[in-house]
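Peer 1: Let me begin by handing over the structure; questions about it come next.
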Amino acid sequence: MKEDKKTKIWLRLMRLGAAMGCHQMPERSFFYKGYQFPLCARCTGILAGYFLGILIYCLFSTNIKIGVILCIPMAIDGITQYLKMRTSTQWLRLTTGILGGIGIMLIQLQECSIIWRYINEMS
């Protein structure tokens with residue numbers, strides 16, 4: 001019965017990961033105790049990067065350029081893998097995903113800040 005409950009939770013998480021747009025390919029995902037992560041290694045990194053990006057934005061002065069620079073390694077890793085120029089590894093996907101997630105979040109937060117300042121200046 002206990003294992004059945006774990007399986008149900010895992011299946012729900014897998015459906016959530018799929019709904020988030022992750023391909024969930026087993027060969028590109030981490031496993032824990034026989035269960036595949038609901039997100040592939042890169043998507044796991046991106047999600048972790050989002051949370052780290054919020055923390056970094058709150059603690060440090062950043063700008064959009066830093067965010068763009070942090071996205072470059074993920075783009076290079078993804079594009080070169082897609083073009084079959086090389087094969088990426090789980091840890092490289094995770095690492096570049098984290099950097100990309102931080103970069104994406106920093107860009108989004110900077111854009112929100114710019115919009116917020118503009119709205120405040122209008123009123």
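The values are calculated or read from the model by the stated rules, or taken from the named source; none is laboratory data. Since this is a predicted model, take the numbers as computed values, not measurements. Here Cβ is always computed from backbone atoms with ideal geometry, including for glycine, and neighbour counts include all displayed protein chains. Only protein heavy atoms, including side chains, enter the accessible area calculation; ligands, DNA and RNA are left aside. Shrake-Rupley method; radii C 1.70, N 1.55, O 1.52, S 1.80 Å.
Peer 1: For segment 82-115, which residues satisfy the criterion of being within 18 Å of THR44 (Cα to Cα) and part of a loop (DSSP other than H, G, I, E, B)?
Peer 2: Within segment 82-115, SER88, THR89 qualify.
Peer 1: Across segment 69-122, which residue is nearest to TYR57 (Cα to Cα) among those that are of a type in the set (Phe, Trp, Tyr) and either over 14 Å from the mean Cα position of the chain (by Cα) or open to solvent by less than 30 Å² (accessible area, probe 1.4 Å) (or both)?
Peer 2: TRP116
Peer 1: Across segment 52-62, what is the number of residues that are touching a residue at least 40 places away in the same chain (Cβ under 8 Å) and either open to solvent by 70 Å² or more (accessible area, probe 1.4 Å) or under 10 Å from GLY97 (Cα atoms) (or both)?
Peer 2: 2
Peer 1: Mind telling me which of the residues TYR82, TYR118, TYR57 ends up being under 30 Å from TRP10 (Cα atoms) and hydroxyl-bearing (Ser, Thr, Tyr)?
Peer 2: The conditions single out TYR82.
Peer 1: Within segment 58-81, is there a residue that is modelled with pLDDT of 95 or more, assigned to a helix (DSSP H, G or I) and in contact with a Cys (Cβ under 9 Å, 6 or more places away or on another chain)?
Peer 2: no
Peer 1: Could you list all residues from segment 34-51 that are open to solvent by 60 Å² or more (accessible area, probe 1.4 Å) and closer than 20 Å to ILE72 by Cβ?
Peer 2: Those that are open to solvent by 60 Å² or more (accessible area, probe 1.4 Å) and closer than 20 Å to ILE72 by Cβ: LEU47, TYR50.
Peer 1: Taking segment 11-31 on its own, how many of its residues are more than 19 Å from MET74 (Cα to Cα) and either at pLDDT below 90 or in a helix (DSSP H, G or I) (or both)?
Peer 2: Counting residues in segment 11-31 that are more than 19 Å from MET74 (Cα to Cα) and either at pLDDT below 90 or in a helix (DSSP H, G or I) (or both) gives 10.
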